[in-house]
Amino acid sequence: LVKDLVRADGAKSIAASKDGKLRWRVTRDSESLDWKFAGSAEKPDLQKATDLASSLGWVNLVDVVADPAKVDTGLARAVVIKAETFGGPSYTLRIGNRAGDNYYVGVAVAGEPRKTRTPAKGEKAEDKAKNDKEFEERRAKLVERLEREKKLEKWTYLVGKNVIDPLLRDRPQLLPEKKAKKG
């Protein structure tokens, strides 16, 4: 059993909703910039926002649920996590009830990798050829991985709480902690 479920590398936005209501959404303009709350000047705690992206970068399954109809997965009223990536694909995780040290999770993958690469400013011709070749190689691997990940949509999985817990935080829990004033 391959433990890799999905790898939402290079997330540019991550949102959490429950019952159709947005709980929070964090975004960034590039992979090297800090996260911010969408539509707000407020910024999340850098480590907590990084934890969100890290959780989505390595979603490993513990097990496949053999007959989800026989258990209360909670997926009908799931917390929905949507991540859009800089590379093109988007990922949706539906997080249901907790079962011991795991959560019931359903996944969906949409979109496809970018077909073209934007050359860097002042890129030399010999660098362009090399960078184009590297881009095509990475794109081919990503297309292959996405085809595998899209096949995973039909099952329900158990995923460890250490991966899921950061994604279940409420907006106030993503804010930097206020330091107590010394009196």
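The values are calculated or read from the model by the stated rules, or taken from the named source; none is laboratory data. Computed from a predicted structure; not experimentally measured. Here the Cβ is made from the backbone with ideal geometry for all residues, glycine too, and neighbour counts use every protein chain on show. Each accessible area value is taken on the protein alone, full model and side chains, heavy atoms only, with ligands, DNA and RNA left out. Shrake-Rupley method; radii C 1.70, N 1.55, O 1.52, S 1.80 Å.
The mean sequence separation of alpha-carbon pairs under 8 Å and at least six residues apart, normalised by the residue count of segment 76-148, gives a relative contact order of 22 percent. Relative to one another, the C-alpha centroids of segment 45-91 and segment 95-125 are positioned 11 Å apart. Rounded to whole numbers, the Karplus 3J(HN,Hα) couplings from phi for segment 115-125 are 8, 10, 10, 8, x, 5, 4, x, 5, 6, 4 Hz, using 6.51 cos²θ - 1.76 cosθ + 1.60 with θ = phi - 60°, and x at Gly and Pro.
Helical runs assigned H by DSSP (4 residues or longer) give the chain a calculated mean residue ellipticity at 222 nm of -7500 deg cm²/dmol, each run adding -39500 (n - 2.57) before division by the residue total. Projecting the Cα atoms of SER55, ALA78, PHE37 onto the charge dipole of segment 30-183 (Cβ charges, centred on the Cα centre) puts PHE37 farthest toward the positive pole.
Could you pull out the pairs from LYS43/LYS161; LYS130/LYS150; LYS48/LYS124; LYS18/LYS43 whose alpha carbons sit more than 32 Å apart here? Don't jump to the answer; show the numbers that get you there.
Values: LYS43/LYS161 25 Å; LYS130/LYS150 30 Å; LYS48/LYS124 39 Å; LYS18/LYS43 22 Å.
Over 32 Å apart, Cα to Cα: LYS48/LYS124.
Would you mind getting the accessible area per residue of the chain, heavy atoms of the protein chains only, 1.4 Å probe, in Å²? Could you put the intermediate results ahead of the total?
On the way: 11210 Å² over 183 residues.
With the other protein chains kept in place, the chain gives 61 Å² per residue.
The LYS124 and LEU46 beta-carbon pair, evaluated with R₀ = 35 Å, returns a calculated FRET efficiency of approximately 0.50.
Ratio of Rg to Rh for segment 1-137: 1.05 [Cα atoms; Kirkwood radius as inverse mean 1/r over pairs].
Given a 1.4 Å probe and every protein chain left where it sits, what share in percent of the accessible area of segment 32-145 is carbon and sulfur? Kindly include the intermediate steps, with their values, before the conclusion.
Working: 3520 of 6740 Å².
Percent of accessible area from carbon and sulfur atoms in segment 32-145: 52.
Packing here is the average count of other Cβ atoms within 10 Å per residue, and on that basis the peptides 104-117, 82-95, 140-153, highest first, run 82-95, 104-117, 140-153. Apply the a/c threshold of 1.5 to the C-alpha gyration tensor of segment 13-71 and tell me whether it is rounded, prolate or oblate. Judged from the Cα gyration tensor, segment 13-71 comes out oblate (a/c at least 1.5, b/c at or above a/b).
If R0 is 22 Å, the Cβ-Cβ spacing of SER90 and LEU33 corresponds to a FRET efficiency of close to 0.70.
Heavy-atom accessible area, probed at 1.4 angstrom with all protein chains present, ranks SER13, SER54 as SER54, SER13, highest first.
In this view, the solvent-accessible surface of ASP45, computed with a 1.4 Å probe and all protein chains in place, comes to about 40 Å².
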